[in-house]
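Quick notes on the structure that follows.
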Amino acid sequence: MSVCTLRIDERDVAIEAGSTLLQAAREAGIAIPTLCVLEGLSPVAACRLCLVEVSGSEKLLPACITPVQEGMQVHTATPRLQEIRRTVIELLFTEGNHVCAICVANGHCELQDLAVEVGMDHSRLPYRFPDRHVDLSHPLFGLDHNRCVLCTRCVRVCDEVEGAHVWDVGWRGEHCRIIAGLDEPWGAVDACTHCGKCVEVCPTGALFHKGDTSEEKHSDPGRLQALVHARHHRQWTP
Amino acid sequence: MDPMTPRKRLATVWLAGCSGCHMSFLDLDEWLIELADLAEIVYSPIASDTKTFPEGVDICLVEGGVANTDNLALIQRVRANSRVLVSFGDCAITANIPGMRNMLHGADPVLRRAYLELADGSGQRPHAPGIVPELLDRVLPVHEVVPVDLYLPGCPPSAHRIRTALEPLLRGDWPELSGPELIRFG
Amino acid sequence: MSLCLRVCTAASCRSRGGEDLRQALAAVAGSSTVVKGVGCLGPCSEGPLLELETASGVGHPERQLFGNLPASDPAALAALARSLRACAENPKAPAPWQPPAGQALDLNHPFFRLQRRLVLKHCGRIDPESITEALAAGIYQQLQRVLEANDPAAVIELVRRSGLRGRGGAGYPTGLKWATVAKMPGHEKVVVCNADEGDPGAFMDRTVLEGDPHTLLEGMAIAAHAVGASRGFIYVRAEYPLAIARLRQAIHQAEQQGWLGTAIAGSRFNFEIALRVGAGAYVCGEETALIQSIEGKRGMPRPRPPYPAEQGVFGLPTLINNVETFANVPALLRLGVEAYGGGTKVFSLTGDVLRTGVIEVPMGTNLRTIVETMGGGAPQGRTIKAVQTGGPSGGCVPAQQLDTPVTYESLQALGTIMGSGGMVVMDDTTNMVDIARFFMAFSREESCGKCVPCRAGTVQLDNLLCRILERRANPADLEQLESLCVMVMDTSLCGLGQSAPKPVLSTLRHFRGDYLAMLSPEATP
Amino acid sequence: MPESFPDLEPVLQRHGRQADGLIEVLNHGQELYGYLGEPLLRHIARELRLPFSRVQGTASFYHLFRFTPPLRHSCLVCTGTACHVKGAGALLAVLAGEPLAERGIELGSVRCVGTCSGAPLVVVDGAVWNLQTSTALLAGLRRLEP
């Protein structure tokens, strides 16, 4: 195994070659905000929260997919990046209908936590109040599009881990939304195995267990990592 | 309290919100007594009988979004007469639950929905010009209507949060609010 | 007297009745008269167009061009045919023929005289539906030469030395791209032609596809041989039905005649081309989205690296160039680096300009030469305010800067890009905030929705521009517009999002007054 | 919409029933049957062995695919740059105020058909109408068979 050494926020980090900047930063105890990335699923680099500055590169690079290189100088929290991250979170809040007070995930929501992390005490961009729907057709789970941030974790976990590919992204641009089957009610899609992995990885209250009320959704994305690890390495952590 | 320091003129305003933020304010309990030494409450739905928003207010906490013509007139008067305007709670900052009617896009569909479609038989649109204020087409966060100086999120903001923001303001300092204890929505 | 009548049957003249004209004139065809449909003849605003070539046997043939010919009126068409027949039957060289309706266009006008036609050499000359004419015109000769020499590295070196850069918009050095793909290990490689010409107001690629599809196929085959690819795709937008039909036909003909398929021209080189038709998605012009779409998926860009040269279609090393880039290659090989010189650029000239159409000019021609000398400037009584280049990814060049030579660098310095070649002239009645909003609405609609800044940022930017247009915005809104533009540019995943703010930033830079005039300081935040 | 789609067989075969042929198959399916109805989409998904959501996700991404039957006529206003500069917005506004659907005309827009010298132009039932004014356009549309 070859090792790369690099500097992240003035800290020296040594890590296995082929690792990503995000892994290197986490190894060094440096927190970079993320939303779409989830260990165990393929990365999509879509939320742009983990963009970092790398000396010698004019462009900002997404830490979740950028491989480490020997001698790299990385800055993860410059004022420019902090401003960008706050704007990303504002764009997400204003794009949907995120009413934390009445959300199943209130207090356990990655989006809500990110708002705190980036210091968003209000949105400088106007709220859009889109007209979105709630799908309660499934016997066990619900999908509230108002709270969806289109991170596509559900799409990926259903395709890559469960193998059912119930979900996909439909339409495009601002009209994008998660669809089940031929854009049908979730409950009408036979392919669903009711495994609940999509609910487990959802960072917000968009996917939830029926019957959960405000603040009652507690997800544990870590369970997915354990599952994927067990599958690949035949090692369990009971 | 230093007798040389004049008491701050404090106001609280209730727009489109559930009054929960004001209830949380009352949860300040015994600190309210200290507060009374530091500030004179010159306008408030819970602590003053004044009907007209006064001039020369130092600090004003505004609960609720701007939902109707009365709210609109009041917030403009508040802004014109307050040195520090604090958006007090999620409704003031995001329109929050009152803002959910914005998904219906317009005052008319909201009234139709509430008074006709959901009525049991004898629904009728309220119409009392000059008595009941007209709804605006959208419930707006306060800062989309007038400039806001400080944001105090929460539904409601806890008493601790309110005190953390108010104490420095009353001293003439500026509070630094960050972290889950102080700026988490919901 | 022998006559050759060339009727433009490309999409623009066709929409003005060019096909009716061709059919009416077909009656004139005889032993000494040839009538054929050809690709674009240039000045689309004067269509339908007819080129008349007369040869009396002595001296060079005479060429005359006629525009605004009758198309739908049977009596006028019959009169035209009669007049031409009389001309053909006249044994002596006649005085210049005059059509009974329509008018003669001066071929010495700068619109024609200042062009240098490398890419469009055969366009408007040959019948694009006939491979026999293509072969007679010398198309596929460079491919044959390349196959005989069988020295791919030399071809790549030639392309590199010529300085040819991608004509699709980004201007990446073509030789470097080819060399990268050639160096990739593995036997299976892919060549893709990006014919998803999506910039509104741009139709250079359509002109090549409709007027001379075989030159494109030849260019692709030469590229495939150079990089070691055996599979090719042409991804063409569905909005070009005539181009699709002609490409299909050309591919079929080339297969029949052994210029595509296995053992091309008796060599050991195999190359097949499949056509992929888009379904209405501007973002598919972006390389990685185009790859997804070829693979039958949503056209969502993915981050680079890996670059298409490393992992493209089906994960194979892939060379992607646009139509005009490939179409340059046979001319470059024919002329050699020296005679090729700085090359050319094809532009489609439209908007508030007297003569609109397709032109090919030497690289470095002045914008003023193109717009005023060749295009005739703004319509009577108006003046030019700006020239828009680069479509939704570009910007506006103000009238004061029209003396800028058209090069990749000079346009970039002005805050716009060369782009694919769409050039839309705007006169003094144009509100530049409205133009900025037009492009932002376009980007908003065409955003794929994958990354947050582009999906949600373009909506916020569009809404802000609308506020300004409705005079509901204050100076703070303008500040927010600028900072959000920079944010979307810096953080979007692909070129569409990264360049979506450019029309706004460019108009803010050159026409800030248009914005300031629409602000109302009293508007609430 | 029929329940079986034998006419689709040649294009399915041409693409070897491989997933990468999806967009080509959808294009042909729409050409043959006018629109992508649910039975057709299910058939294509099964033939290409793709999840339904993948087929729907792909089809809905592209503007030109439609999921409802077309009306008898279509009128697409070009909203490219040249047409915009030459007044496409006004044409659209006038058309939007007309009861076109009642007369079997579907109103839409297209982003540049690349024949900008005819700006502003519309595409009616596949044919380009150049240099339109709202009066001329409305008169032309009135002449379409109802």
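At a glance:
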| item | result |
| --- | --- |
| Filter result for the condition that a residue is over 30 Å from A:D131 (Cβ atoms), free of Cβ contacts under 8 Å to residues at least 40 places away in the same chain and away from chain B (no Cβ under 14 Å), over A:E58, A:E70 | A:E58 |
| Criterion violated by B:E40 - all others in (1) assigned to a strand (DSSP E or B); (2) closer than 28 Å to B:G99 by Cα; (3) not hydrophobic (A, V, I, L, M, F, W, C) satisfied | (2) |
| Members of segment A:24-51 that are in contact with a strand residue (DSSP E or B) (Cβ under 8 Å, 6 or more places away or on another chain), without any contact (Cβ under 8 Å) to a residue 40 or more places away in the chain and either under 15 Å from C:P453 (Cβ atoms) or not in a loop (DSSP other than H, G, I, E, B) (or both) | A:E27, A:A45, A:C50, A:L51 |
| Segment C:252-262, residues that are more than 14 Å from chain D (Cβ to nearest Cβ) and in a helix (DSSP H, G or I) | C:Q253, C:A254, C:E255, C:Q256 |
| Residues of segment C:311-358 classified as touching a helix residue (DSSP H, G or I) at 6+ places or on another chain (Cβ under 7 Å), of a type in the set (D, E, K, R) and closer than 15 Å to C:R206 by Cα, total | 1 |
| Only one of C:G211, C:G201 that is over 15 Å from C:V329 (Cα atoms), at pLDDT 95 or above and within 13 Å of another protein chain (Cβ to nearest Cβ) | C:G211 |
| Pair list, Cβ under 8 Å, 6 or more apart: segment C:275-291 residue free of Cβ contacts under 8 Å to residues at least 60 places away in the same chain, other residue in a helix (DSSP H, G or I) and β-branched (V, I, T) | C:L275/C:I244; C:L275/C:I251; C:R276/C:I294; C:R276/D:I23; C:V277/C:I244; C:V277/D:I23; C:A279/D:I23 |
| Answer residue from segment D:16-42, given it is among the charged types (D, E, K, R) and more than 15 Å from D:P69 (Cα to Cα) and is farthest from the other protein chains (Cβ to nearest Cβ) among those | D:R17 |
| Test: B:P141 is exposed (fewer than 13 other Cβ atoms within 10 Å of the Cβ), under 22 Å from the mean Cα position of the chain (by Cα) and within 14 Å of chain A (Cβ to nearest Cβ) | no |
| Whichever residue in segment C:41-81 is among the acidic types (D, E) and under 24 Å from C:S2 (Cβ atoms) and, among such residues, is surrounded by the most Cβ atoms within 10 Å (Cβ to Cβ) | C:E51 |
| Single condition C:A254 does not satisfy, out of (1) of a type in the set (G, A, S); (2) within 21 Å of the chain's Cα centre (by Cα); (3) more than 22 Å from C:G201 (Cα to Cα) | (2) |
| Whichever residue in segment D:65-104 is β-branched (V, I, T) and surrounded by fewer than 19 Cβ atoms within 10 Å (Cβ to Cβ) and, among such residues, is nearest to C:A279 (Cα to Cα) | D:T68 |
| Count - residues of segment C:249-291 that are in contact with a Pro (Cβ under 7 Å, 6 or more places away or on another chain) and over 24 Å from C:L316 (Cα atoms) | 1 |
| Among residues of segment D:79-118, those that are within 18 Å of C:M426 (Cα to Cα) and either in a helix (DSSP H, G or I) or hydrophobic (A, V, I, L, M, F, W, C) (or both), counted | 12 |
| Of all residues making up segment C:280-305, the number that are farther than 30 Å from C:I139 by Cα and under 19 Å from the mean Cα position of the chain (by Cα) | 4 |
| Criterion: of a type in the set (A, V, I, L, M, F, W, C) and within 17 Å of the chain's Cα centre (by Cα) - qualifying residue of D:F52, D:F65 | D:F65 |
| Qualifying residue in segment C:263-284 (condition: within 25 Å of C:A500 (Cα to Cα), of a type in the set (D, E) and within 14 Å of chain D (Cβ to nearest Cβ)) | no |
| Unique residue being within 14 Å of chain B (Cβ to nearest Cβ), part of a helix (DSSP H, G or I) and closer than 26 Å to A:P126 by Cβ when the list is A:T87, A:T94 | A:T94 |
| Subset of segment C:67-120 [in contact (Cβ under 8 Å) with a residue 60 or more places away in the chain and over 27 Å from the mean Cα position of the chain (by Cα)] | C:L84, C:C87, C:A88, C:E89, C:N90, C:P91, C:K92, C:A93, C:P94 |
| Residues that are under 14 Å from the mean Cα position of the chain (by Cα) and farther than 16 Å from C:P241 by Cα, drawn from segment D:106-146 | D:E106, D:L107, D:G108, D:S109 |
| Residue within segment B:100-108 that is more than 12 Å from every other protein chain (Cβ to nearest Cβ), under 23 Å from B:W14 (Cβ atoms) and surrounded by fewer than 23 Cβ atoms within 10 Å (Cβ to Cβ) present | yes |
| Every residue from segment A:52-65 that is touching a strand residue (DSSP E or B) at 6+ places or on another chain (Cβ under 8 Å), under 22 Å from A:T87 (Cβ atoms) and assigned to a loop (DSSP other than H, G, I, E, B) | A:L60, A:A63, A:C64, A:I65 |
| Sole residue being surrounded by fewer than 24 Cβ atoms within 10 Å (Cβ to Cβ), farther than 30 Å from C:G449 by Cα and small (G, A, S), chosen from C:G261, C:G219, C:G280 | C:G261 |
| Qualifying residue in segment B:69-77 (condition: at the interface with chain A (Cβ under 9 Å from one of its Cβ atoms), basic (K, R) and within 17 Å of the chain's Cα centre (by Cα)) | no |
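Here's the yes/no breakdown for (1) assigned to a loop (DSSP other than H, G, I, E, B); (2) charged (D, E, K, R); (3) out of contact with any Pro (no Cβ under 9 Å at 6 or more places or on another chain):
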| residue | (1), (2), (3) |
| --- | --- |
| C:D205 | no, yes, yes |
| C:H214 | no, no, no |
| C:E218 | no, yes, no |
| C:H225 | no, no, no |
| C:A238 | yes, no, yes |
| C:A245 | no, no, yes |
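The values are calculated or read from the model by the stated rules, or taken from the named source; none is laboratory data. Small disclaimer: the values here were computed from a predicted structure and weren't measured. Quick reminder, even Gly has a Cβ in these numbers, built from the backbone with ideal geometry, and neighbours come from all protein chains shown.
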